[in-house]
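Single-structure report; data block below.
The values are calculated or read from the model by the stated rules, or taken from the named source; none is laboratory data. As the structure is a prediction and not an experimental result, all values here were calculated from the model. Cβ sites come from the backbone with ideal geometry, for glycine too, and all protein chains shown count toward neighbours.
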């Protein structure tokens, strides 16, 4: 995440607009892949990879509210991504 130095997203410094989750190019990245991101159980997104996106970072903009699981006792949801090849 761009807003997470050393891969730790501190709630004190989380911008209201959220954070950019950046997936760097991975081995075997190809046209028709779909990069899927889930944050906790409530946020999911998919970005298809076309010819212009191969070997480039994939960016998801995730609002701050999607990282905080419980606003009265802030804990951050886990972030997962999965690349899949659809042929």
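General remarks:
- Test: residue in region 71-80 that is within 11 Å of the chain's Cα centre (by Cα), modelled with pLDDT under 75, part of a strand (DSSP E or B) and buried (at least 16 other Cβ atoms within 10 Å of the Cβ): yes
- Members of region 1-30 that are in a strand (DSSP E or B) and either modelled with pLDDT of 90 or more or in contact with a helix residue (DSSP H, G or I) (Cβ under 9 Å, 6 or more places away or on another chain) (or both): 19
- Number of positions in region 8-30 that are surrounded by fewer than 16 Cβ atoms within 10 Å (Cβ to Cβ) and either without any contact (Cβ under 8 Å) to a residue 60 or more places away in the chain or closer than 10 Å to residue 49 by Cβ (or both): 15
- Considering 50, 45, 33, 57, the condition of being modelled with pLDDT of 80 or more and surrounded by 16 or more Cβ atoms within 10 Å (Cβ to Cβ) is satisfied by 33 alone.
- Pick from region 31-58, criterion part of a loop (DSSP other than H, G, I, E, B) and touching a helix residue (DSSP H, G or I) at 6+ places or on another chain (Cβ under 8 Å), ranking: nearest to residue 2 (Cα to Cα): 40
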